[in-house]
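Undergrad: Quick one: structure below, then a few questions.
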Amino acid sequence: MPPLPDAHCRYISEWGGTKLRWGLSADQAEVDALTVYAEAGETAVVHYTPAP
């Protein structure tokens, strides 16, 4: 995670977008960590284009 809390929401959004774009999975520990950070942040919309 970035050291500045203000960057967490954007980081989580971009992380999620990358996972979605490339069809990557996440184990339960990763999902749990992302959920904690996402709940603490603002609502964000994740935009991505699926990889060819």
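The values are calculated or read from the model by the stated rules, or taken from the named source; none is laboratory data. Just so we're clear, the structure is a prediction, and the values are computed from it rather than from any experiment. Ideal geometry is used to build each Cβ from the backbone, glycine not excepted, and the neighbour counts take in all protein chains shown. SASA here: full protein model, heavy atoms, side chains in, ligands and nucleic acids out. Shrake-Rupley method; radii C 1.70, N 1.55, O 1.52, S 1.80 Å.
Undergrad: For segment 23-45, what are the residues that are at pLDDT below 80 and β-branched (V, I, T)?
TA: Across segment 23-45, the qualifying residues are T43, V45.
Undergrad: Mind checking which residues of the chain are in a loop (DSSP other than H, G, I, E, B), open to solvent by 60 Å² or more (accessible area, probe 1.4 Å) and touching a Phe, Trp or Tyr at 6+ places or on another chain (Cβ under 8 Å)?
TA: M1
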